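No value in this document is a laboratory result; all are computed from the given coordinates. All values reported here derive from a predicted model rather than from experimental measurement. Because the Cβ atoms are built from the backbone with ideal geometry, glycine has one as well, and the counts that use them run over all protein chains shown.
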Amino acid sequence: MTVLNDSPFVRACRGLTVPHTPVWFMRQAGRSLPEYRKIREGIGMLDSCRRPDLVTEITLQPVRRHHVDAAILFSDIVVPIAAAGIDLDIVAGTGPVVAEPLRTAADLERLRPLAAGDVDFVAEAVRLLVAELGSTPLIGFAGAPFTLASYLIEGGPSRTYLKTKAMMYGAPDLWNALLSRLAQITLTFLRVQVEAGVSAVQLFDSWAGALSEADYRQYVMPHSAAVLRGLLDAGVPRIHFGVGTGVLLEAMGEAGADVVGVDWRTPLDVATKRIGPDRAVQGNLDPAILFAGWDVVEREARRVVAQGQSAPGHVFNLGHGVMPETDPEILTRLVALVHEISAR
């Protein structure tokens, strides 16, 4: 395993001095790029994630085009739970859809522990990428237990999380058993990526913003903390990100990450006060700003860079993923701008 410790991205994650604020974008690998759409023609999302050659090419595309400071592995958060025995598909325009949702103790038996060999295609993709990327670090990632549980219980994306919360409140023993198993699956999945050579990992708790701080601390944080704690000896920075998590930032920092991702709703200087002075931050330009014209993009990017200086380390990113309709040229210009205005 080779961690690119001197790269601006890894240094920023660790709160060290950097030559410029590093930049990468969530969902940079795919979606907005015409070369991505071309290479994915006729190939389902899950199949794409299981082909190391395709994963390698898609992951490299934004690095070549935008000159970002880090690549993120092209994959999906449901890849490990599919490998652990769950019948699901990623439906275009919808997202992950689970054939038979998990709602009883008997259902839980269908979610078996994950073995490293179940996702050997991911390890192979990481090894190929590390060889190709050279001095550009590769970020591995996984879904956090709460977000994975929400898909498994609801059967697909949800706006209300009614069934998820019903289990959380009404069947806490089953809830904790499910999240404990998901935490182990997630940890195994991330360790496979670390051992294959990623230089950092990101834990996506995309839907944790649906919870109050008290509920997050009681029902979710112990399981996310178990994943992050399990990577303490891995030697790579750990990033923790969620959407709509302004009230959870303090708790998410306490869960054990080195870097806390912040969505666009909370200014980074405010977020830093909540998270604490010993952790780096990542974020947090609103993805919609990329559609507002270059003058607005430049003004808001300068604001984000300035506010990020309040933290010991800042990785510039969007406050959520790149939208499919985004003009790739804007992203390329944004990377150059952030590098220019933050040069030390």
Only helical DSSP H runs with n ≥ 4 go in: add -39500 (n - 2.57) per run for the chain, normalise by residue count and round the 222 nm mean residue ellipticity to 500 deg cm²/dmol. -13000 deg cm²/dmol
Give me a comma-separated list of calculated 3J(HN,Hα) values for segment 189-206, in order, Karplus coefficients 6.51, -1.76, 1.60 applied at θ = phi - 60°, integers in Hz, x for any Gly or Pro. 4, 5, 5, 4, 5, 5, 5, 7, x, 5, 9, 6, 9, 10, 9, 8, 10, 4
Selection of trypsin sites (Lys or Arg not before Pro), segment 129-223, meeting DSSP coil and at most 11 other Cβ within 10 Å: 159
Specify the inter-centroid distance of segment 91-142 and segment 225-274, based on alpha-carbon positions, in whole Å. 21
Under a point-charge model restricted to the Cβ atoms of Lys and Arg (+1) and Asp and Glu (-1), what is the dipole moment magnitude of the chain relative to its Cα centre, in debye to the nearest 20? 400
Which option, (1) 15.2; (2) 20.9; (3) 18.2, is the value of mean projected area of the Cα convex hull in nm² that was calculated from these coordinates? (1)
Could you run the Karplus curve 6.51 cos²θ - 1.76 cosθ + 1.60 with θ = phi - 60° over segment 97-110 and give me ³J(HN,Hα) per residue in whole Hz, x for Gly and Pro? 10, 9, 4, 10, x, 9, 9, 9, 4, 5, 4, 4, 5, 6
Listed by chain and number, the aspartates and glutamates with an alpha carbon less than 20 angstrom from that of residue 38, same-chain partners under 8 positions apart left out, are 47, 53, 57, 76, 325, 327, 329
Suppose we flag GluC sites (Glu not before Pro) only when DSSP calls them loop and at most 15 other Cβ atoms lie within 10 Å. Which is the longest uninterrupted stretch of the chain? 110-324
Points 7 angstrom from Cα along the Cβ direction at residue 195 and residue 306: gap in nanometres? 4.8
Please label the shape of segment 1-132 as rounded, prolate or oblate, based on the square roots a ≥ b ≥ c of the eigenvalues of the alpha-carbon gyration tensor (a/c under 1.5 means rounded; beyond that, a/b larger than b/c means prolate, else oblate). prolate
Could you check the spin-label model distance between residue 76 and residue 333? Points 7 Å from the Cα along Cα→Cβ, value in nm. 3.3
Does segment 282-344 come out rounded, prolate or oblate, given a ≥ b ≥ c as the square roots of the eigenvalues of its C-alpha gyration tensor, rounded meaning a/c under 1.5 and, failing that, prolate meaning a/b above b/c? prolate
Can you give me the Cα centroid spacing of segment 277-326 and segment 201-219 in angstrom? 22
Using Cα pairs closer than 8 Å and at least 6 residues apart in sequence, work out the relative contact order for the chain, in percent. 22
